[in-house]
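What follows draws every value from the coordinates through simple rules; no lab data is involved. Quantities reported herein were computed from a predicted structural model and do not represent experimental measurements. Please note: Cβ atoms are built from the backbone with ideal geometry, for glycine as well, and neighbour counts cover all protein chains shown.
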Amino acid sequence: MSTNQSHNITVEPSGRSFSVPQGQTILAAAIAAGVNLPYGCKDGACGSCKCRKISGEVEHGNYSRNALSQEEEASGVILTCRAQALSDVVLESRQVTDAGSHPVKKLPVRVRRLEVLRPDVMRVELQLPASEKFAYDAGQYIDFLLRDGSRRSYSLANAPHTQESAPGLELHIRHMPGGLFTDHVFSGMKEKDILRIEGPFGSCTLREDSDKPLLFIVSGTGFAPAKALLEHLQHIGSTRPVTLYWGGRRPQDIYMGDWLNQHTLPGGLRFVPVVSDAQPEDQWQGRTGLVHQAVLDDFADLSTHQVYACGTPAMVEAARTSFTGTRHLAAEDFFADAFTSAADQ
């Protein structure tokens, strides 16, 4: 084993390379170097950052077995968000391109508007500094930097082009009772409060070089990044057909169904709400059960599609496993933004 203080990471087939210092994860070094490896939670919970190790040695920190099975690890698959290099490493990731990613910045932001969408979902609009440009891609997220040094990650719910007419960021924040940050959002946060953010992060962005039909599968506030992607598709005039499945426990969890019913796309938008725990008083007439199962019921073959999954790690992994394993979806056509709470971590 080498005693060098850093190791070289090469990503095939793009040929991109970067250095990872001792003690840093491969993913953190990639982000710092502007190499956009796929990732979601950064906490070893979702599996979005899986890459195949072609050569070299790594060691993993703690992670969930739902994110990486023993069989996968034995076959050379690693989680870059938890893997530290013990030697030079060659990885395979077909999602890495030559295109430069947007610079990651730390910025102060002001709370411009708070709107309760549901008793447990708040739309938070943030005002950016007038002197500072903040560039991002639809589907990316930001971190709030809290005073105790911890972070909370939230997806951007508005597409980048909306900055031109109304500079600012839109987030959909779900209340997690007992959560340090979300308790504050729902009880103490006020308009004009100042917060600090860092970003953009995430690789669940639109692959515009493809013309494949798009399938979005979201749960809860996983709708936020999907909304940004839908706005972006409309803005660029994409003619790709889009189907969006949105899962919630109760009908009210699908908190922007009216927005979806009114949103149009050149290639068409089909919206399928799915409720897993409908009660008699809901008078729900729509689809029921688990949202990924609704997709399986409707599609015998996903080999011609690209899929974007946004929501809980359990939903994302169920979709990934079943779509690639039983519906012929190519692994490189599955993109994910998995939400982990502090409790999950």
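Values computed for the structure shown
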quantity: Cα-Cα over 31 Å, subset of K106/K212; K106/K227; K50/K190; K42/K133; K50/K192; calculated: K106/K212; K50/K190; K50/K192
quantity: Spin-label pair I54/S187, simplified geometry with 7 Å Cα→Cβ offset, distance in nm; calculated: 5.3
quantity: HN-Hα J in Hz across the range 248-260 - Karplus 6.51, -1.76, 1.60, θ = phi - 60°, x for Gly and Pro; calculated: x, 6, 10, x, 5, 5, 8, 7, 10, x, 5, 4, 5
quantity: For K190, K105, K50, K42, order by how many other beta-carbon atoms lie within 10 Å, fewest first; calculated: K190, K105, K50, K42
quantity: Burial ordering of H161, H305, fewest other beta-carbon atoms within 10 Å first; calculated: H161, H305
quantity: Using a Förster distance of 41 Å, the FRET efficiency for E71-N8 (Cβ separation, nearest 0.05); calculated: 0.90
quantity: Calculated from backbone phi, Karplus (6.51, -1.76, 1.60) coupling profile of the range 55-71 in Hz, x at Gly/Pro; calculated: 7, x, 10, 9, 10, 9, x, 5, 7, 7, 5, 5, 7, 8, 7, 4, 5
quantity: Value of [θ]222 nm, deg cm²/dmol, for the chain, DSSP H segments ≥ 4, -39500 (n - 2.57) each, nearest 500; calculated: -5000 deg cm²/dmol
quantity: Axial C-alpha extent at least 24 Å, average Kyte-Doolittle at least -0.5 - helices from the chain (DSSP); calculated: none
quantity: For the chain, size of Cβ-based charge dipole, Lys and Arg +1, Asp and Glu -1, in debye; calculated: 640
